[in-house]
1. Looking at (1) out of contact with any Asp or Glu (no Cβ under 9 Å at 6 or more places or on another chain); (2) assigned to a helix (DSSP H, G or I); (3) in contact (Cβ under 8 Å) with a residue 24 or more places away in the chain; (4) surrounded by fewer than 24 Cβ atoms within 10 Å (Cβ to Cβ), can you tell me which one B:PRO288 breaks?
2. Consider segment A:64-104. How many of its residues are over 30 Å from B:LYS18 (Cα atoms), within 14 Å of chain B (Cβ to nearest Cβ) and surrounded by 12 or more Cβ atoms within 10 Å (Cβ to Cβ)?
3. Using the structure shown, decide if B:LEU272 is closer than 22 Å to B:SER218 by Cβ and surrounded by 24 or more Cβ atoms within 10 Å (Cβ to Cβ).
4. Tell me whether segment B:405-414 contains one or more residues that are outside any loop (DSSP other than H, G, I, E, B), surrounded by fewer than 20 Cβ atoms within 10 Å (Cβ to Cβ), under 23 Å from the mean Cα position of the chain (by Cα) and of a type outside the set (S, T, N, Q).
5. Could you please let me know if B:GLY99 is more than 14 Å from chain A (Cβ to nearest Cβ) and either assigned to a strand (DSSP E or B) or exposed (fewer than 15 other Cβ atoms within 10 Å of the Cβ) (or both)?
6. Where the second residue is hydroxyl-bearing (Ser, Thr, Tyr) and the first is more than 21 Å from B:ALA104 (Cα to Cα) and lies in segment B:157-178, which pairs have Cβ atoms under 7 Å and are six or more apart or on separate chains?
7. Evaluate the following for A:ALA37: is it at pLDDT 90 or above, more than 14 Å from chain B (Cβ to nearest Cβ) and not in a loop (DSSP other than H, G, I, E, B)?
Amino acid sequence: MTTGYVPILILAAMAGAFAVLSLAASALLRPKHPLPAKSAPYECGIEPIRLPQSERFPVKFYVVAMLFIIFDIETIFLFPWAVAFRSLGLFGLVEMIVFIGLVFVAYVYVWQKGGLEWEKPEQARRELSARFVPLPPSVERSPGDRITREPAAVESGAG
Amino acid sequence: MLSVLGQVSGGPAVAHGKLLFRPIGPELILVGVALAVMLLDAGYPERHHATLALLSLAGLAAAAAYSLSLWSWTGPTTVLGGMVAADRFTVFFRLVILGVAALAVLLSYQYLERADEVRGEYYPLLLFATAGMTLITAAADLIVVFLALEVLSLSLYLLTGFSFRRLASAEASMKYFLLGAFSSAFFLYGIALAYGATGTTNLAGIAHGLTGQVGPLSLALAASGLLAVGFGFKVAAVPFHMWAPDAYQGAPTCVTAFMSAGTKVAAFAAFLRVFDVAFSPLIWDWKPFVWILAALTMVVGSVLAIAQSDVKRMLAYSSVAHAGFILVGVTAASHAGIQAAMFYLAVYPAMILGAFGVVMVVSGRGERGLTLSSYAGLARRSPLVAAVLALLLLSLAGIPPTAGFIAKVAVFTAAIQSGHWPLALVGVLASVVAAFFYLRVIVLMYMQEPVIAGGQREAETGFDAEPGAVGSLGFVAIAVPALLTLIFGVFPGILFGVLKSASIIRF
């Protein structure tokens with residue numbers, strides 16, 4: 001009975017060995033010319049910022065991610081259903097309508113509760129004007145800079 | 001999708017024209033009403049608490065009426081491709097759970113009003129949890145058991161943390177969620193191994209596959225062990241009880257009342273069906289395991305409850321101990337054992353829900369007055385509430401003429417008939433220990449003066465002596481369980497008559 005698992009064990013060993021070997025080989029063979037820019041973490045061309053230390057992460061992203069997953073799953077269900085549509089027939093159609101109906105109820109609920117609004121408009125403007133001032137146009141901007149900055153940062157930059 | 005699963009799990013292939021949805025009618029009603037309540041709350045966000053509660057009650061009543069009509073179901077024993085059983089066993093448990101949910105709605109209405117936590121999500125979550133609980137009693141396939149278990153657990157995680165501004169509630173929710181997710185993984189692993197051992201997740205198929213099995217049974221044994229661990233977590237059996245005191249203490253008291261009663265009934269219904277039916281061919285292998293689980297749960301639950309100074313924690317440990325007493329009935333694994341466990345599961349929810357209900361009524365806004373000392377002299381301040389609590393505590397302790405006594409006698413008798421007299425002995429000793437902390441509260445209520453700490457008593461307990469403060473709804477929710485424990489204690493024949501046909505598990 002256990003002999004059936006031997007290929008899996010061999011595969012697992014090979015996978016582990018491949019990972020270790022390729023890392024070790026590149027560490028030994030690659031040329032070493034370290035620069036600060038090279039050792040910085042790469043983040044799709046965006047200036048790397050350490051999120052938890054420099055600023056807080058808005059909890060609203062969590063709601064968006066959750067909603068995304070719900071509709072993502074809906075799509076995942078729709079694809080195989082569409083492929084097998086003919087063989088499932090009317091029964092499959094009704095079942096899918098029920099499923100989409102349930103997701104739609106969730107959508108209406110979230111919409112009504114304000115889950116789709118990033119934040120209330122007037123509150124957003126107030127917060128923005130309190131926290132940020134536009135950069136003076138004379139300040140030269142580098143690619144990583146944003147259009148607005150924290151007031152303290154602007155003042156210290158000017159002084 | 002149902003048809004595909006039906007074929008995979010070895011059940012009969014579904015003919016699309018003949019899908020019988022009637023046996024899951026109660027669940028469909030509950031989910032439909034829950035969605036309606038959810039949309040109503042989203043569409044009309046102004047205060048309309050009474051409407052939501054009434055609609056939920058109506059839904060529960062409709063589901064109960066529909067369940068009753070299934071009592072005389074004459075169709076096939078399993079429907080939807082062998083996924084759902086249609087027997088009187090599920091009708092019985094459905095009615096118990098729906099009753100628990102209805103009383104929980106009454107308690108919740110008062111609690112939410114007083115705590116100023118009226119948010120419309122509460123009732124849909126309660127109804128979803130109820131739907132999961134009732135579905136699990138009807139599950140004839142491990143996949144459906146798991147599905148129902150998740151539906152009820154996910155709703156309860158949220159309900160536990162419903163007062164998220166109170167730190168204890170959020171913490172309880174987090175702990176419950178983490179340990180619950182952990183136990184789900186055990187359960188799922190058990191299902192996978194059961195499938196590996198027998199090639200099906202269908203309960204009837206598993207029983208059939210194990211009966212003819214010769215040779216090593218290691219996979220099936222591992223499966224039954226993992227499933228027992230999963231169920232052990234849900235019913236809070238020692239050593240899988242760690243989450244229970246924290247979750248019960250932190251949750252809003254109305255939620256504690258609901259989940260301590262409902263979850264246990266639902267999980268034990270599935271426990272009985274899975275172990276006394278599907279794994280009955282392995283009975284001599286899983287019996288010692290459940291035997292030890294029962295003995296440990298009774299002793300540890302009873303002993304730890306003595307050390308508690310918080311009423312909710314004390315009742316939580318007492319509910320752990322009661323899981324042990326019910327496990328005694330499961331261990332007997334005879335018809336008498338199932339019947340005794342079912343009797344216990346009908347009266348236990350009434351006792352614990354009533355007791356937590358009294359705790360809710362007595363504690364003030366923001367969950368104050370939960371220490372044992374705040375019960376001192378309760379009889380003088382509110383004689384009626386004290387009498388109700390005394391009756392419920394006597395029943396929990398198992399003192400005649402209450403239903404708790406009959407229930408304990410029934411499970412111990414079943415255990416002795418199956419030759420487990422040492423377990424019955426352990427049970428009797430544990431209930432003697434348990435009687436101490438129940439009687440201590442009664443003594444506090446009747447024989448001690450109220451503690452007055454610098455004239456702050458009213459503010460501390462948040463409870464004033466006027467009977468009107470209890471609230472009529474809250475009083476109904478604690479009086480009905482108290483009456484039931486008395487009725488079933490004096491006339492247990494009513495319930496046993498029903499159980500004669502309800503305790504036959506068909507699959």
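1. Status for B:PRO288: all satisfied but (3).
2. Residues in segment A:64-104 being over 30 Å from B:LYS18 (Cα atoms), within 14 Å of chain B (Cβ to nearest Cβ) and surrounded by 12 or more Cβ atoms within 10 Å (Cβ to Cβ): 1 in total.
3. Details: closer than 22 Å to B:SER218 by Cβ: no; surrounded by 24 or more Cβ atoms within 10 Å (Cβ to Cβ): yes.
When the stated conditions are applied, B:LEU272 does not pass them.
4. yes
5. Values: more than 14 Å from chain A (Cβ to nearest Cβ): yes; either assigned to a strand (DSSP E or B) or exposed (fewer than 15 other Cβ atoms within 10 Å of the Cβ) (or both): no.
Spelling it out, it is not the case that B:GLY99 is more than 14 Å from chain A (Cβ to nearest Cβ) and either assigned to a strand (DSSP E or B) or exposed (fewer than 15 other Cβ atoms within 10 Å of the Cβ) (or both).
6. If the second residue must be hydroxyl-bearing (Ser, Thr, Tyr), the pairs left are B:PHE177/B:TYR157.
7. Values: at pLDDT 90 or above: no; more than 14 Å from chain B (Cβ to nearest Cβ): yes; not in a loop (DSSP other than H, G, I, E, B): yes.
No, not satisfied.
For (1) under 17 Å from B:PRO252 (Cα atoms); (2) at pLDDT below 95, each residue gets a yes or a no:
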{"position": "B:GLU113", "(1), (2)": "yes, yes"}
{"position": "B:VAL118", "(1), (2)": "yes, yes"}
{"position": "B:ALA138", "(1), (2)": "no, yes"}
{"position": "B:PHE146", "(1), (2)": "no, no"}
{"position": "B:LEU156", "(1), (2)": "yes, no"}
{"position": "B:PHE164", "(1), (2)": "yes, yes"}
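The values are calculated or read from the model by the stated rules, or taken from the named source; none is laboratory data. Everything numeric here is computed off the predicted structure, so don't read it as measured data. Note that we place each Cβ from the backbone using ideal geometry, even for glycine, and neighbour counts take in every protein chain shown.
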